[in-house]
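Following: one structure in C-alpha cells, then a few remarks.
The values are calculated or read from the model by the stated rules, or taken from the named source; none is laboratory data. Predicted model, so just to flag it, every value in this text is computed and none were measured. Reconstructed Cβ throughout: ideal geometry from the backbone, glycine too, with neighbour counts over all protein chains shown. Please note that ligands, DNA and RNA were not included when accessible areas were found on the heavy atoms of the full protein model with its side chains. Shrake-Rupley method; radii C 1.70, N 1.55, O 1.52, S 1.80 Å.
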Amino acid sequence: MLEAVDESKMAAMLQKAMEASTAKVDEQFQIRETLVDASALESAENQRNEPFKTFYEARKVLTEKKKIIEDELEKREQSSTSSPTTQALKDNVAILNYRLGKNFFTTEENHEAQVHLESAVGTLSPKRWKGDPYGERKKAAPSDSSEKEEDSGGQSGGESVSVVDLMNNPFVPQLIDSFNQLGALWASRGDLKKAKGCLSRSLLLYKKLTECDDGSSSEEEQHVLTSIHIFTLFFLAQVEGQLGNSEGSCKYVRETLTLQQQNGEYDKYEWPLNCAKLSDYYINQGDIREAENCLFYAQEVANNELPDPEYKEENGKKAAVDIDDPSLCTRSTIWRMWGDLYANVLHSARDLKLECELKGVQIPQAPEEGEYVPKEVPICKLTVSEEKVKLRRCPMLLSITSAKIATQVFKLSRACYEKALDYFVLDGRVTDHININQKIGQMYRDLAEFETGWKRKVGMGTRCQSLLAPLYDELNHDVFLLLSKELSFACGQAMQDIQAIHYERVFNGSTSSDERAVAMKKGDKAGFQAYGWFFKFLSLFNTKEGKHPETVDKDNLHSVLMAHLNIARIFGKMFAEGNSQLKIHWMTESLKEYKFIVAFGEKNIPAALEETKREAGLDPSIDVTQLKPIFQDEIAHCREMCALLPQKIDELHYKGNDIDGSANNPK
C-alpha cells in the first residue's frame, strides 16, 4: 500500500536545507554528493540471493563520511575551538545517522536502526524534546494560558512545538521522517505506546510546518513532504487499529488513501483493495452508504487503471485466460466484497425480522431516504454515472420487509459473487470458492424467511442444499476437514428447515387431509436427509476407532452439541407414516439424543470454560460460573425434554393416542 519516499527528491531537499545552514561545511566535506551516491546505491536493483548488497555499499559510504565529520568535531573539541560551522557539522552527523537508521531498518537490523535514529532525533528535535525521543517524560504545565495556546499544536498531554522551533531548523522534513521510522520500528516490535508517541510527533511537526508555509516551498518539496506525511498516517492507522481504536484507524486510513490519490503515489493493484477493505468499518458502524462509496472508489481505480483481464470460451462458459492475472484478482476481490455487503445486509434484515416476531412487535418503519449526501469527503472522484450508482445502492435495512425487496438484495449479491468466482475457482482456490458459495447458500435460507408461500420456502432450502452438497462431495475430507464440517452442517440445516416447513403444514388448520399426508411424507424425507448430513458432520469428529469422542475442545463443543440437538429435534418431528411403533422408535431416539446432550455437556462444558479462562489470562481462582455460559439455555431445554418425552412415549404406547395430535408436537 505504501510507496517509498523518493530518496533523490529527499536529497534535493537536504541540499536546500544545507545551503540554508551553511555552504562552507558542504564545500569542505561534500555531504550532498555522499547522500546522492548513497541514494543511487539503495535504488539499484539487487539479485534475489543478495537483496541488500547495494544497501551495504551505501551504508559504507555513509559511515565513512560520518567518521570524517566526527573526527573533525573531536579535533575542535580537543582544541577547545568553535565556530559557526560547528553546529552545522553536528546537524550533518544527525542527517547521516538518519540515513543510516533508515538503511539499517530496511535490512532488518533493528537495534542499529534504533541507535542511529534516536541519535538523529536527539540532535534535530526542538529543545523541549531533547533527551525524550518518545514523549515519555512527564511535562510540566505551561505557566500561562497564552504560552499553552501557542505551543499546544492541538495536541494533548503537553506535547508542543513552536513556530520558532521550526524556523531555526532547516531539517524538519528529515526529523519528521526519523520519527516515522522509529514509529514503524517500535510498531514492528509490538510496543504500540512508543510507536504512537513517535508518529504523533511526526503528525504534530507536519501540521505545524504546513501552517507556517508561506508559499515559498516548491512543488517538489511539497510532494516529498506529503509522501512523508502519508507514511505517518499509514502507520498511525495500523497502530490505532491494534490499540482497538477503529474510528481513529479508519480516519487515518482514509486520509492515507486520499493523499495517495492526490500525490499520485500508490500501487494501482493494492490501493483499490485497501480502499475496499475500509468498507468493513462502515458496515460495522451501520453506515451502508459510506461502505458502498468505499467500494465505488475502489472500483474506480481498478476499472480505469488496471488492464482488462482476457477471457476465453470454455465448455460454453466464459473463463479467464490467466487465472493468476493480478488485475483479475483485484477486480474479483472487490466484487466479492460487494457481494458480502449485500449478503450481510440481507442477513441482518432477516435477524431483525425474527427478533421482532419473537417480541411480537412490528419492524420499525424505515425513514424516507432523500437525496444522498455523503458524510465524508470523497476519497477520489467517481466517473460512473449517478444513475448506475443508484442501481447499485442496497435497500436500507429497515426497508427490507418483503420477499420482493429481499429478492432484490439477493440478486445484487448473487451477481457480484458470480463475477468474483471468475477468479475464485474451485480448482486452486478451494477455501475462497467454498466460502463464497456458503454465503450464497446462507442467503437462500435468509430469503426463505421473507417468503410467505411454503413452496418457495422449500425451494430456497432445496437450492441451498443443491448448491453445497456437490462441493462437499468434491472435497478431500482429511485435507479440508473444517470446510467439510461447515458444508455438512449447512446442508443439514437447509434440510431441517424444509422438514420444519412441512411439519407446520401438517398442523395448519387449512391443510386438507390429503395435503397433510403428503406433507408428512415430505417432512420425514427431509428429516432423514437432514439427519444424514448431521451424522456426516459428527463422523468427522470420530476417533481413529470410528467412535464419537468423549471430549471435544471448546472451539468445536458448541457445534457438536448443536448437531446432536438438531438430530433430537429432527427425530421428534418424524411422523413415521402413521405407524405408532415407528413413531415410538423415533421419539425414543430423540430422548436418547437429549440425554446424551445433557451428559456430554456436563462433562465437557466445565473444561471448556476453564480453557476459556486460561486463554483469556484470567485469575485461576475466578469461578467459571462468572464467565459467559456455554449452551446453558439449550441444556436446560434438553433436561425439560428428558422429563417430558418418557410420558409422551408411554401415552402413545399404552393409550394409543393419535400420533398426529398436538400431544406429539415437541419443540
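Kindly establish whether E313 is without any contact (Cβ under 8 Å) to a residue 24 or more places away in the chain and either assigned to a helix (DSSP H, G or I) or touching a Ser or Thr at 6+ places or on another chain (Cβ under 7 Å) (or both). No: the conditions fail for E313. Do we find a residue being over 30 Å from N508 (Cα atoms), in a loop (DSSP other than H, G, I, E, B) and at pLDDT below 90 anywhere in region 630-638? There is at least one residue in region 630-638 that is over 30 Å from N508 (Cα atoms), in a loop (DSSP other than H, G, I, E, B) and at pLDDT below 90. Applying the criterion of being open to solvent by less than 80 Å² (accessible area, probe 1.4 Å) and acidic (D, E) to the residues of region 38-64, the residue that is farthest from the chain's Cα centre (by Cα) is E57. Across region 215-254, the qualifying residues are those that are of a type in the set (A, V, I, L, M) and open to solvent by 10 Å² or more (accessible area, probe 1.4 Å), and the one among them that is modelled with the lowest pLDDT is L225. Six or more apart or on different chains, Cβ atoms under 8 Å: show the pairs whose first residue is in region 343-365 and over 12 Å from F450 (Cβ atoms) and without any contact (Cβ under 8 Å) to a residue 60 or more places away in the chain and whose second is open to solvent by 30 Å² or more (accessible area, probe 1.4 Å) and outside any helix (DSSP H, G or I). Listed by first residue and then by second, the contacts come to C356/Q362; C356/I363. Considering only region 184-193, state which residues are under 15 Å from H111 (Cα atoms), part of a helix (DSSP H, G or I) and not aromatic (F, W, Y). Hits for region 184-193 are A184, L185, A187, S188, R189. Would you call K375 touching a helix residue (DSSP H, G or I) at 6+ places or on another chain (Cβ under 7 Å), among the basic types (K, R), on the phi < 0 side of the Ramachandran plot and assigned to a helix (DSSP H, G or I)? No; evaluated as a whole, the condition is false for this residue.
Looking only at residues of region 163-183 that are assigned to a loop (DSSP other than H, G, I, E, B) and open to solvent by 10 Å² or more (accessible area, probe 1.4 Å), we find that the one that is modelled with the lowest pLDDT is N168. Could you tell me which residue of region 341-372 is farthest from E292 (Cα to Cα), considering only residues that are outside any helix (DSSP H, G or I) and among the aliphatic types (A, V, I, L, M)? Within region 341-372, the match that is farthest from E292 (Cα to Cα) is V361. Would you confirm, using the coordinates I've provided, whether D446 is over 30 Å from Y252 (Cα atoms) and of a type in the set (D, E)? Here the answer is yes, as D446 does meet what is asked. Here the condition is being closer than 30 Å to R429 by Cα and out of contact with any strand residue (DSSP E or B) (no Cβ under 8 Å at 6 or more places or on another chain); of K485, K525, it holds for K485 alone. Here the condition is being of a type outside the set (A, V, I, L, M) and open to solvent by 60 Å² or more (accessible area, probe 1.4 Å); of K457, K439, it holds for K439 alone. Going through L426, L487 one at a time, which residue ends up being in a helix (DSSP H, G or I) and either of a type in the set (A, V, I, L, M, F, W, C) or open to solvent by less than 20 Å² (accessible area, probe 1.4 Å) (or both)? The unique qualifying residue is L487. Scan region 316-330 residue by residue and report those that are free of Cβ contacts under 8 Å to residues at least 60 places away in the same chain and assigned to a helix (DSSP H, G or I). Of everything in region 316-330, those that are free of Cβ contacts under 8 Å to residues at least 60 places away in the same chain and assigned to a helix (DSSP H, G or I) turn out to be P326, S327. When T543 is tested against (1) in contact with a Pro (Cβ under 9 Å, 6 or more places away or on another chain); (2) over 30 Å from D473 (Cα atoms); (3) surrounded by fewer than 19 Cβ atoms within 10 Å (Cβ to Cβ), just one condition goes unmet, and that condition is (2).
Within the option set M520, M460, being free of Cβ contacts under 8 Å to residues at least 40 places away in the same chain and either at positive phi or not charged (D, E, K, R) (or both) holds for one residue only, M460. Does K554 satisfy the criteria of being of a type in the set (K, R), within 36 Å of the chain's Cα centre (by Cα) and surrounded by fewer than 20 Cβ atoms within 10 Å (Cβ to Cβ)? Spelling it out, K554 is indeed of a type in the set (K, R), within 36 Å of the chain's Cα centre (by Cα) and surrounded by fewer than 20 Cβ atoms within 10 Å (Cβ to Cβ). Screening region 297-310 for residues that are assigned to a helix (DSSP H, G or I) and open to solvent by less than 30 Å² (accessible area, probe 1.4 Å) and picking the one that is farthest from G264 (Cα to Cα) gives Q299. Consider region 490-511 and keep the residues that are within 16 Å of K455 (Cβ to Cβ) and open to solvent by 50 Å² or more (accessible area, probe 1.4 Å). The one that is modelled with the lowest pLDDT is S510. Beta carbons closer than 9 Å, at least 6 apart along the sequence or on distinct chains, pair a first residue in region 550-565 that is closer than 17 Å to S484 by Cα and at pLDDT 95 or above with a second that is open to solvent by 10 Å² or more (accessible area, probe 1.4 Å) and small (G, A, S) for L557/A607. When each of K375, K381, K359 is tested for being open to solvent by 60 Å² or more (accessible area, probe 1.4 Å) and within 29 Å of G441 (Cβ to Cβ), the lone residue that passes is K359. Listed by first and then second residue, the pairs with beta-carbon distance under 6 Å, at least 6 apart or on different chains, first residue in region 52-78 and β-branched (V, I, T), second open to solvent by 60 Å² or more (accessible area, probe 1.4 Å), are V61/D37.
Being crowded, with 19+ Cβ neighbours inside 10 Å and closer than 17 Å to Q238 by Cα is the filter here; which residues of region 255-272 pass it? Correct list: E255, T256, L257, T258, Q260, W271. Do we have R463 as in contact with a Phe, Trp or Tyr (Cβ under 6 Å, 6 or more places away or on another chain), open to solvent by 20 Å² or more (accessible area, probe 1.4 Å) and either within 30 Å of E515 (Cα to Cα) or modelled with pLDDT under 95 (or both) here? It is true that R463 is in contact with a Phe, Trp or Tyr (Cβ under 6 Å, 6 or more places away or on another chain), open to solvent by 20 Å² or more (accessible area, probe 1.4 Å) and either within 30 Å of E515 (Cα to Cα) or modelled with pLDDT under 95 (or both). In region 640-665, the residue that is modelled with the lowest pLDDT out of those that are open to solvent by 50 Å² or more (accessible area, probe 1.4 Å) and touching a Phe, Trp or Tyr at 6+ places or on another chain (Cβ under 8 Å) is S662.
Here's the yes/no breakdown for (1) over 23 Å from F534 (Cβ atoms); (2) surrounded by fewer than 19 Cβ atoms within 10 Å (Cβ to Cβ):
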position: I567; (1), (2): no, no
position: I570; (1), (2): no, no
position: Q581; (1), (2): yes, yes
position: M587; (1), (2): no, no
position: K592; (1), (2): no, yes
position: I597; (1), (2): no, no
position: L618; (1), (2): yes, yes
